[in-house]
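The values are calculated or read from the model by the stated rules, or taken from the named source; none is laboratory data. Keep in mind that this is a model prediction, so the values were computed, not measured. Don't worry about glycine lacking a Cβ; one is built from the backbone with ideal geometry, like all the others, and counts go over all protein chains shown.
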Amino acid sequence: MKTILQIVLWIICVGLGFLIYRSVTGPIEFKKVKEERFSKVISTLKDIRNSQEAYRTVNGKFANDFNSLVSFVDTGKYTITQQRDSSYMEFDKVYGIDMLKEITIIDTLGFVSVKDSIFKGDDRYKSMMNVPYAQGGEKFTMKAEIIDKGGYKAPVFEAKVKKDVILYDQPKDLLNRENAQISVEEVNGPEIKVGSLTDVSTNGNWPPIYDKKGDQ
């Protein structure tokens, strides 16, 4: 009987020890996995943003789907221009004399590939719709609109993914805590996103630390 009791107590002690160990190491391991995956996801969102900004520069609005965006990056070109001031004399009928007229001339110097300008020979833009680490082939949700901001029609876009998709295999309690984050040092809320459909902004909702880590 004494031996059985000792075994039971040993099992209880081992179980408690494991629980204590997991309570300490669990959050540490979760943070490591989170930061690694978030960095990759944010880097991809930056690619989407850079591509969208190029699309707007050329087309005056943002792309509403990835097929249009990828196709644009693949074949689109920036126009390189040079602005210079000039002047000439023109007869003024009111004053009856020649008067100096000043104008601005915009010269087209050439064109540069959007693909080479942003991705420098890398073809990762072809798969930028795919969420890194997603196990079910999930893609970023992206939408573009034209909104009214005080009488001004402004193009906007937003691309996002739920943290649940990225951290699919992590402990539920830690994931729930992550989704409720409110901190200047964390990605707040249940999603990682760039852009906005309500404000004229192409910012992401991640903290500066992820920008310091650099892009791909």
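Residue under question is Ser127, and the condition is that it be surrounded by 13 or more Cβ atoms within 10 Å (Cβ to Cβ) and outside the structural domain of Gly189 (by TED's automatic domain parsing); does it hold? Here the answer is no, as Ser127 does not meet what is asked.
Against the condition within 17 Å of the chain's Cα centre (by Cα), at pLDDT 95 or above and within 27 Å of Ala54 (Cα to Cα), how does Pro155 come out, does it pass? Yes, satisfied.
So which of Tyr133, Tyr168 ends up being outside any helix (DSSP H, G or I), closer than 17 Å to Glu36 by Cβ and touching a helix residue (DSSP H, G or I) at 6+ places or on another chain (Cβ under 8 Å)? Before the answer, list the steps.
Values: Tyr168 fails: touching a helix residue (DSSP H, G or I) at 6+ places or on another chain (Cβ under 8 Å).
Result of the check over Tyr133, Tyr168: Tyr133.
For first residues located in the range 145-170 and closer than 15 Å to Thr44 by Cα, partners that are assigned to a loop (DSSP other than H, G, I, E, B) and of a type in the set (Ser, Thr, Tyr) and lie 6+ apart or on another chain with Cβ distances below 7 Å form the pairs Glu158/Ser196; Ile166/Tyr133. All conditions but one from (1) at pLDDT below 85; (2) over 24 Å from Asn59 (Cβ atoms) apply to Ile182; the one that does not is (1).
The residue that is modelled with the lowest pLDDT, among those in the range 50-109 that are loosely packed, with under 10 Cβ neighbours inside 10 Å and within 28 Å of Ser201 (Cβ to Cβ), is Gln83. Kindly indicate whether Lys153 is basic (Lys, Arg), outside any loop (DSSP other than H, G, I, E, B) and surrounded by 15 or more Cβ atoms within 10 Å (Cβ to Cβ). In short, no. Working only within the range 165-178, note down all residues that are buried (at least 16 other Cβ atoms within 10 Å of the Cβ) and either of a type in the set (Ser, Thr, Tyr) or under 19 Å from Lys139 (Cβ atoms) (or both). Scanning the range 165-178 gives Val165, Ile166, Leu167.
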